[in-house]
1. Would you please give the residues with an amide H less than 5 Å from that of residue 134, counting only those at least 5 places away or on a separate chain, with H modeled from the backbone geometry?
2. Nearest 20 debye, what's the magnitude of the dipole of region 37-172 about its Cα centre given +1 on Lys and Arg Cβ and -1 on Asp and Glu Cβ?
3. In terms of the Cα gyration tensor, with a ≥ b ≥ c the square roots of its eigenvalues, is region 37-172 rounded because a/c is under 1.5, prolate because a/b exceeds b/c, or oblate?
4. Too long at a 18 Å Cα-Cα cut-off: which of 61/128; 63/145; 122/165; 68/122?
5. I want to make sure I understand the PRE zone here: with the label point 7 angstrom from the Cα of residue 165 toward its beta carbon, which residues in region 131-150 have backbone N atoms less than 19 Å away?
6. Between residue 100 and residue 129, what length comes free when the chain is fully extended (0.36 nm per residue of separation minus the Cα-Cα distance, one decimal in nm)?
Amino acid sequence: MAKISKKTKKKVATKINKAKTLVKKVVLAEKKIKGPIKVSKTYTPKDTEKYMCDKHLSFFKTKLTEWKKELVKANNEALYNGSIDDNSVSADIVDQASSYTDKAVEMKAINRQIKLISKIDKALMRVKDKTYGFCAETAEPIGLKRLMARPVAELCIAAQEKHEKEEKVYADD
């Protein structure tokens, strides 16, 4: 095995140190460039901007997060208020039936909102991995107008229509 001289070791060490400092500088520069994107409250995504740029992703992340907070708050209030009403038992059978029906309707609404919250969580995960805004089946852009109307949309309009037609065909069987 060949011996390596001290001069060669020093040269290699200095080159390694220079490379390390260069990498650190590049990483620091990237961190400065890719800081958190701040979007004003009046901002709305435009078609003239690059589709699903950092601004768009930040906007939809904020929109989805706020929507989720509202739903969780509403569900908590509904569950709390519903548990308070449990103590009122009426002697009249019709009143009891009406109360049970109201509770059933309210629980269905809460269950629907819980499913929506899980869809919002999935959308937030897509924002995080930067697949948000693209169709899950075709990988085509979903479109800003559709996402503004339905931020949890996973499919583009063509794929959604195909999905609904298939659902309708199998529902008729």
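Coordinate-derived values only; no laboratory data. Note that this is a predicted model, so its numbers are computed, not measured. Neighbour counts run over all protein chains shown; Cβ positions are idealised from the backbone, glycine included.
1. Close amide H contacts, sequence-distant or interchain: 142.
2. Values: 25 positive and 22 negative charges, 207 e Å.
With Lys and Arg at +1 and Asp and Glu at -1, about 1000 debye.
3. Details: a/c = 3.69, a/b = 1.76, b/c = 2.10.
Oblate, since a/c reaches 1.5 and b/c is not below a/b.
4. Working: 61/128 9 Å; 63/145 14 Å; 122/165 24 Å; 68/122 12 Å.
Long pairs (Cα-Cα over 18 Å): 122/165.
5. Once the point is set 7 Å along Cα→Cβ of residue 165, 135-140 turn out to lie under 19 Å by backbone N, inside region 131-150.
6. Details: separation 29, 0.36 × 29 = 10.44 nm, distance 4.37 nm.
Full-extension gain reported as 6.1 nm.
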